[in-house]
Structure formats: structure tokens, C-alpha cells
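The values are calculated or read from the model by the stated rules, or taken from the named source; none is laboratory data. Bear in mind the structure is a predicted one, so any value in this text is a computation, not a measurement. Backbone-built Cβ (ideal geometry, glycine too); neighbour counts: all protein chains shown. In case anyone asks, the SASA skips ligands and DNA or RNA and just uses the protein heavy atoms, side chains included. Shrake-Rupley method; radii C 1.70, N 1.55, O 1.52, S 1.80 Å.
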Amino acid sequence: MNATLPTAQSLRAALSGLLDGLPPKQAAQAVDRLIASYRGETPTGAPILRDRSDVVAYAAYRMPATFEAVRSALDALVDAAPEWTPATHTDVGGGTGAASWAVAGAWEGTATTVLDWAEPALALGRELAAASGAPGLRAARWERARIGTALELAPADLVTVSYVLKELTAGARTELADAAAAAGQAVVIVEPGTPDGYARIIEARDRLIAAGMRVAAPCPHSGACPIAPGADWCHFSARVSRSSLHRQVKGGSLSHEDEKFAYVVATRFPATRAPARITRKPQLRKGQVLLELCTRDDGLARSTVTKRHGELYRAARDIAWGEPWPPEGTG
């Protein structure tokens with residue numbers, strides 16, 4: 001990767017430089033309030049991030065995880081359309097810009113506009129972008145906008161909506177998905193990897209398909225999700241490294257955590273979908289690997305790959321949850 005492109009490490013460095021002045025105890029208290037807000041019912045007209053202390057706490061608590069989740073979704077888009085590069089990007093409800101950091105890390109030269117209704121979040125986002133050293137981020141536009149009904153989006157090659165739908169009413173979620181589909185050539189939506197986060201992703205997926213878009217990832221098809229409603233949910237996992245401040249505000253001691261997320265990527269241009277995708281962590285057994293799959297033609301399926309499969313078995317031992325199956329060149 002080009003050294004000028006943002007990475008998880010450069011994001012942590014930028015956060016560390018801006019968060020030094022906030023006492024960890026104060027940050028931890030703000031994080032506790034934010035967690036309560038996110039788990040409760042938040043009216044559309046009330047931004048969760050009210051002031052700079054909220055925003056700083058949020059940045060320490062959530063930016064690294066959001067960055068990794070969005071980056072994983074973007075990796076799936078890159079896999080599906082490796083020759084495609086977005087010239088323009090709109091980050092809807094982008095807050096302090098975690099998704100924009102992920103976009104700037106995936107492609108060079110993308111012109112980004114971040115929209116959010118919380119001016120303190122936009123202000124900190126500008127500061128972090130200025131500290132990034134990445135030309136694309138430093139040139140990003142940060143604009144205040146009410147994220148909800150009647151949102152008008154300018155045309156953009158890529159529209160990202162990450163961890164936003166939970167904050168909206170059902171009607172506003174529908175309007176946002178429709179607006180994203182109308183504006184973007186590619187739309188990436190990410191939500192928490194919980195049953196209700198998955199349900200919001202399915203709602204948005206249906207709207208994107210109804211608007212004429214095709215699902216590029218994670219699904220290997222644009223048909224109905226094969227998971228029976230209420231029986232299970234589709235989600236994935238991204239490994240997140242934790243800085244010392246991140247560990248303090250979250251009260252943990254480990255150097256990492258796993259961010260569970262659900263997502264959908266839809267496009268208006270040709271994209272190569274995976275024949276199948278691994279929907280759970282592969283289970284390694286003696287001489288075999290057990291895979292849970294969502295397939296293009298057979299819906300949900302289980303596959304047992306054994307030593308007699310040779311190259312495919314070796315690939316299965318190294319494959320990760322969320323990756324396409326089979327790996328290119330091993331089918």
C-alpha cells in the first residue's frame with residue numbers, strides 16, 4: 001500500500017495526538033452515556049454527539065472499530081470490481097470521518113464530502129483529517145446536513161452510510177436508502193452485527209435492489225436472503241487493535257477486540273460476485289475444515305473440506321470468516 005494512504009496505525013496516531021487533553025475518566029463517563037444512547041431509542045432530530053467531549057469520547061471509543069468494519073466492506077467491493085476507482089465519495093452521517101479514512105485507504109485521489117448533523121463531530125473530523133498526512137483526507141469537505149427525511153444527495157461514484165440507520169426512524173431509513181441509491185454508482189452500508197443491525201441492512205438491501213442496483217457483496221446473489229426471519233442473522237467480524245487510551249475508555253485490557261458488523265455493497269456497474277461467502281468462523285478439525293456458506297445457487301450450505309481436496313484444503317485452513325469461497329484459482 002502507498003505510504004501516503006491512511007492505515008489503522010495512522011488513524012490511531014492521529015487520535016492519540018488529539019485526545020491527549022481529555023482525562024480518561026471523563027472519556028469513560030462520556031462513553032457510558034453514548035452506549036446508553038445507542039442502545040436506546042434516539043429521535044431523528046436529536047444528534048447523539050452533542051459537544052466536543054462527546055465527540056472526543058466517541059472518536060476514541062468507535063472510530064477504530066468503524067474504520068475496520070468499513071474497510072472490510074470496501075475490500076469486498078475492491079474484490080468484486082478491482083478496476084473500478086471512485087472519483088467522488090459522499091460519507092452520509094460520517095461524523096468524525098472513520099468511513100472516509102477507510103475510503104482514502106482503499107483508493108487514491110477520491111474527492112470526499114462528509115455530511116453530518118453534529119458540528120462538533122465535523123470539527124474534530126477536520127482536525128483528524130488535517131493530522132492524517134493523506135492528501136485525499138486533507139482535501140475532504142465537511143458539511144453540516146440533517147440526516148433523515150428529505151435529504152438530498154448530489155451524484156457521487158461512491159456513497160457510504162456507516163452506523164447511521166440505528167439513529168433514524170423507519171421512514172427516514174427508507175428515504176436515506178433511496179437517496180443513496182439515486183445518488184451513487186456504488187453504495188456501501190454498514191451496521192452493527194446484531195440481529196436488529198442485520199434487519200436494517202436487509203431493509204436497505206431491498207431498497208437498493210428495488211432502485212435497480214445489484215448486490216456485489218457480501219451476498220453472492222441479488223435474490224432474497226436465504227436466512228429465515230428471526231432464525232439467525234448474517235454478520236461478520238473485523239479485528240481491531242486497541243490503543244492505550246482506547247483500552248482505558250472501554251475498560252478492557254486486551255490489545256485487540258473483534259468488531260461484529262453487517263453490511264451490503266450494491267453497484268450500478270458490473271461487479272464479479274463470489275460464488276459463495278463464508279458466513280461463520282471456519283471450524284478446524286483434524287484433517288478437515290468445516291465451512292458455513294451462503295451460496296449463489298443453493299442458499300445456505302455447509303461444506304467439509306478434507307485433506308484429500310489438496311490445494312482446496314490448504315486454502316480452507318487459511319480462509320477467514322467473510323471471505324469468498326473458493327479462493328480465486330483454487331475452484
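Worth pointing out:
- Taking the criterion of being open to solvent by 10 Å² or more (accessible area, probe 1.4 Å), more than 23 Å from HIS235 (Cα to Cα) and of a type outside the set (D, E, K, R), the residues of region 76-94 that qualify are PRO82, TRP84, THR85, ALA87, THR88, THR90.
A quick yes/no check of all residues on (1) at pLDDT 95 or above; (2) more than 19 Å from the chain's Cα centre (by Cα); (3) open to solvent by less than 50 Å² (accessible area, probe 1.4 Å); (4) farther than 20 Å from THR90 by Cβ:
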{"position": "GLY148", "(1), (2), (3), (4)": "no, yes, yes, no"}
{"position": "ALA156", "(1), (2), (3), (4)": "yes, no, yes, no"}
{"position": "ALA170", "(1), (2), (3), (4)": "no, yes, no, yes"}
{"position": "VAL187", "(1), (2), (3), (4)": "yes, no, yes, no"}
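- Search result, residues across region 127-144 that are surrounded by fewer than 18 Cβ atoms within 10 Å (Cβ to Cβ) and on the phi < 0 side of the Ramachandran plot: GLU127, ALA130, PRO135, ARG138, ALA139, ARG141, GLU143, ARG144
- Residue match in region 303-312 (condition: open to solvent by less than 20 Å² (accessible area, probe 1.4 Å), out of contact with any helix residue (DSSP H, G or I) (no Cβ under 7 Å at 6 or more places or on another chain) and outside any loop (DSSP other than H, G, I, E, B)): no
- Of all residues in region 127-146, those that are at pLDDT 95 or above and in contact with a Lys or Arg (Cβ under 9 Å, 6 or more places away or on another chain) total 2.
- Hits in region 88-113 - residues which are more than 15 Å from the chain's Cα centre (by Cα) and not in a loop (DSSP other than H, G, I, E, B): THR88, ALA111, THR112, THR113
- In region 68-92, the residues that are in contact (Cβ under 8 Å) with a residue 24 or more places away in the chain form Cβ pairs under 6 Å with partners that are charged (D, E, K, R) and open to solvent by 10 Å² or more (accessible area, probe 1.4 Å), at six or more places apart or across chains, as follows: GLU68/GLU259; ALA69/GLU259; PRO86/ASP157; ALA87/ASP157; THR88/ASP157.
- Some residue of region 27-36 being open to solvent by 20 Å² or more (accessible area, probe 1.4 Å) and at pLDDT below 65: yes
- Pairs where the first residue, in region 108-121, is in contact (Cβ under 8 Å) with a residue 24 or more places away in the chain and small (Gly, Ala, Ser) and the second is surrounded by 24 or more Cβ atoms within 10 Å (Cβ to Cβ) and assigned to a strand (DSSP E or B), C-beta under 8 Å, 6+ apart: ALA111/HIS89
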